[in-house]
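Coordinate-derived values only; no laboratory data. Keep in mind the model is a prediction, meaning the values are calculated, not measured. Heads up, the Cβs are rebuilt from the backbone with ideal geometry, glycines too, and the neighbour counts pull from every protein chain shown.
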Amino acid sequence: MIKRILDPWFIKKIGLNEDVLLTRELIEEYQLKKLRETLLWAKKNSKFYKERLKDSNIELLELKDMQKLPFVTSDNLREEGTNMLCVKQNDISRIVTLDTSGTTDKPKRVYYTEEDQELTVDFFNHGMRTMIDENDVFLILLPHERPGSVGDLLSRGIEKFGARTVRYGLIKDFKEVADLALKEDVTAMVGAPSQIEKLAQNYKLTGINTVLLSVEYVSKKTRETIKNSWDSNIYEHYGMTEMGLGGAVSCWALEGYHVRECDLFFEIINPETGEVLPDGEYGEVVFTTLTRKAMPFIRYRTGDISCFIKEPCKCGSVIKRLARVGDRGMEKGIF
């Protein structure tokens, strides 16, 4: 159960005794502290944020004071990317370039330190334990060749708790993947929904207990096709490069995604007015990084539509959940 994985992980991250029960109060106290630190870090070290926040009160008395701060957009990232940096260039371990489909705009570039990427490995290490264990063989159908790519970070996170990973990459030969899954006794896999759906339509694989869908919007038809072909549990992951690749993940209840609240602060806003909406109301997903060093994002507008689920999760976790996120239009080169 997620209560035995993500909640204790959060307790450990905030430095409390493992016997402490996680509450919303503890989460919000931690987030307020980290938001203050992030704002000070960004204003001190980033040319962009120094100008952006010059007229803002960054002390924050409570979480709702975040509403007084300006938003950051993808246009800001394109035009001011290097000015958003808070570290020296030689401290950067990875740069991801996002070429937006169907436009001549400048590409977006997102920068990470090694420490930033280790935070993602840590999230994958614990998030993946909600769906697989050390007895699983996990097939990775995402890019993995470059150190720090999503497949590489995911593999590293999974192997930390003893499961075996098989790296393949985006599918080019579906028969080859089907044969590989049989040869390696694969029990779980992750990949793009459109690719795994096609694989499921053409190959009746047995023993695939868990499928994690990521990278693209996941339709009801895709979920049903995979479920009907393989009788697998279908989990979903929500994330984007700006979030550090990991954002939110399903638990065994399979109702929405628990968000990465120890590293990210999420808001749902009215996309027209910018007003923060109450739990249960759909709007645009906005996030602020809490632990990022190289390139913090403060109130970054994703363009995605979702809401916070009001009802408690069946798994018992108090970590917030996002409802299924709609398609934002895929960008080339995300990973």
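General remarks:
- Each peptide among 21-31, 222-232, 128-138, 243-253 gets the average number of other Cβ atoms lying within 10 Å of its residues, and from highest to lowest they stand as 243-253, 128-138, 222-232, 21-31.
- With coordinates expressed along the principal axes, the C-alpha atoms belonging to region 132-249 extend over 33, 29, 26 Å, beginning with the largest.
- Cβ charges +1 (Lys, Arg) and -1 (Asp, Glu), total dipole of region 105-253, debye: 520 debye
- The distance between label points at residue 73 and residue 216 comes to 2.9 nm (points 7 Å beyond Cα on the Cα→Cβ vector).
- The overall shape of region 25-159 is oblate: from the C-alpha gyration tensor, with semi-axes ordered a ≥ b ≥ c, the ratio a/c is 1.5 or greater and a/b is no larger than b/c.
- Relative to the dominant Cα principal axis of the chain, helix 193-202 is inclined by about 10°.
- Cβ charges +1 (Lys, Arg) and -1 (Asp, Glu), total dipole of the chain, debye: 380 debye
- Its DSSP H runs of at least 4 residues, each contributing -39,500 (n - 2.57), put the calculated 222 nm mean residue ellipticity of the chain at -9000 deg cm²/dmol, to the nearest 500.
- Helix axis angle, 24-45 relative to the chain longest principal axis, alpha carbon, degrees: 60 degrees
- Local electrostatic count, residue 157, Cβ distance below 12 Å [Lys/Arg +1, Asp/Glu -1]: -1
- Descending semi-axes in whole angstrom, ellipsoid equivalent of the chain, from the Cα gyration tensor: 32, 23, 19
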